[in-house]
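Derivation of every value follows stated rules applied to the coordinates shown; laboratory data play no part. Everything numeric here is computed off the predicted structure, so don't read it as measured data. So basically every Cβ, Gly included, is an ideal-geometry build from the backbone, and we count neighbours across all protein chains shown.
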Amino acid sequence: MNAAPVILLVEPSPILRLQLQEWLENVLTDSRILIAANGLDTLWRAAQEQPSHILIEIHLPDITGYEIVRQVRQGLPTARIIATGSCESRFILDSVQSAGADGFILKDNLYDELLPLWGIPLR
């Protein structure tokens with residue numbers, strides 16, 4: 001049996017962060033949900049908590065999500081990292097991929113696409 005996922009949710013918007021946290025807690029009841037609002041907090045939490053799954057907004061107030069993904073990927077090579085944002089372009093998709101993320105989801109599609117892309121079944 002696999003260990004329960006430890007999920008790091010990185011979102012600068014307090015309202016969206018709370019909504020996503022509550023949704024994840026409701027659908028993944030055996031998971032630990034950690035939150036971060038900026039890049040520095042993300043780096044610290046990732047190093048301390050070693051999350052198995054990370055959802056990261058690419059537009060953070062202090063460091064770009066791309067750079068955070070690069071740094072986190074070095075320390076957590078097996079973590080499932082999904083980037084998110086409110087718009088999508090070839091530049092964003094290429095940047096997310098070259099940074100080492102496992103995928104990108106538009107924020108409008110998070111509730112439908114996140115868990116399947118992470119490979120987490122609903123319980």
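A convex hull fitted to the Cα coordinates of the chain yields 95 cubic angstrom per residue. Counting charges near residue 10 (Lys, Arg +1; Asp, Glu -1) among other residues having Cβ under 9 Å from its Cβ returns a value of -1.
Each part gets one Cα centre, and for the range 82-123 versus the range 24-44 those centres are 16 Å apart. Could you work out the local net charge near residue 118, counting Lys and Arg as +1, Asp and Glu as -1, over the other residues with Cβ closer than 11 Å to its Cβ? Residues close to residue 118 contribute a combined charge of -1.
Relative to a virtual label point 7 Å from the Cα of residue 86 in the Cα→beta-carbon direction, which members of the range 33-72 show backbone nitrogen distances below 20 Å? Of the residues in the range 33-72, 36-39, 55-66 have backbone N under 20 Å from the label point off residue 86. All other residues whose Cβ lies under 15 angstrom from that of residue 34 are scored, Lys and Arg at +1 and Asp and Glu at -1, for a net of -3. What are the residues whose amide H is under 5 Å from the amide H of residue 35, where those residues sit 5 or more places off or on another chain and H is modelled from the backbone? Here the answer is 9, since their amide H atoms fall under 5 Å of that of residue 35. Multiplying the residue separation of residue 106 and residue 94 by 0.36 nm and removing their Cα-Cα distance gives an extension gain of 2.9 nm. Once label points are set 7 Å from the Cα along Cα→Cβ at both residue 67 and residue 44, what is their separation, rounded to one decimal in nm? In this crude label model, residue 67 to residue 44 measures out at 1.7 nm.
With charges only on Cβ, +1 for K and R and -1 for D and E, what is the dipole size of the chain about its Cα centre, in debye, rounded to 20? Could you put the intermediate results ahead of the total?
Details: 9 positive and 15 negative charges, 56 e Å.
The calculated dipole for the chain is roughly 280 debye.
Give me the percent relative contact order of the chain, please, defined on Cα pairs under 8 angstrom at least 6 residues apart. Before the final figure, lay out each step's value.
Working: 197 pairs, mean separation 27.8, N = 123.
Result for the chain is 23 percent.
In the chain, the calculated helix contribution to ellipticity at 222 nm averages -13500 deg cm²/dmol per residue, counting -39,500 (n - 2.57) for every DSSP H run with n ≥ 4. Computed over every Cα-Cα pair of the range 51-94 and binned at 5 Å starting from 0, the pair-distance distribution P(r) comes out as 5, 21, 32, 25, 13, 4 percent.
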